[in-house]
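Chemist: Please read through the structure below; I'll follow up with questions.
The values are calculated or read from the model by the stated rules, or taken from the named source; none is laboratory data. The structure presented is a predicted model; accordingly, all values stated were derived computationally and were not measured. Every residue, glycine among them, receives a Cβ derived from its backbone with ideal geometry; neighbour counts consider all protein chains shown.
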């Protein structure tokens, strides 16, 4: 979305579970190749895209906090999805149950 919002030219290349494990040192998506620069984390990718477009990235602490909360929730959701796909359900592991019960946003909103 940041690439589209900034009017950047880009090529989106679809990947799958196995290919992303091979192409990224974190074995995850997203990753970005921009000339010789390779970024493997969504935060550094967003920072780079915004900086390259002359826009601020998380200009204040409130924006930064909201970004981190959303990122944590997304990570938990992806992990729960992948673990359940592999047969491990949240009700079988207390920690996973806790992750599944995370509030939707700040203070549960």
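Chemist: From (1) part of a helix (DSSP H, G or I); (2) without any contact (Cβ under 8 Å) to a residue 12 or more places away in the chain; (3) surrounded by 12 or more Cβ atoms within 10 Å (Cβ to Cβ); (4) more than 15 Å from the chain's Cα centre (by Cα), pick out the condition that doesn't hold for residue 96.
Modeler: Among (1) part of a helix (DSSP H, G or I); (2) without any contact (Cβ under 8 Å) to a residue 12 or more places away in the chain; (3) surrounded by 12 or more Cβ atoms within 10 Å (Cβ to Cβ); (4) more than 15 Å from the chain's Cα centre (by Cα), the lone unmet condition for residue 96 is (2).
Chemist: Further, regarding this structure: Return the total of residues in region 22-48 being surrounded by 13 or more Cβ atoms within 10 Å (Cβ to Cβ) and either in contact with a strand residue (DSSP E or B) (Cβ under 7 Å, 6 or more places away or on another chain) or not in a strand (DSSP E or B) (or both).
Modeler: Of the residues in that region, 17 qualify.
Chemist: Sticking with this structure for a sec: Can you tell me which residues in region 1-21 are within 17 Å of the chain's Cα centre (by Cα) and part of a loop (DSSP other than H, G, I, E, B)?
Modeler: If the condition is that a residue be within 17 Å of the chain's Cα centre (by Cα) and part of a loop (DSSP other than H, G, I, E, B), then 1, 12, 13, 14, 15, 16 are the ones that fit.
Chemist: Here is a follow-up. For region 6-20, does any single residue satisfy the condition of being in contact (Cβ under 8 Å) with a residue 24 or more places away in the chain, assigned by TED's automatic domain parsing to the domain that holds residue 100 and either surrounded by 13 or more Cβ atoms within 10 Å (Cβ to Cβ) or in contact with a helix residue (DSSP H, G or I) (Cβ under 7 Å, 6 or more places away or on another chain) (or both)?
Modeler: no
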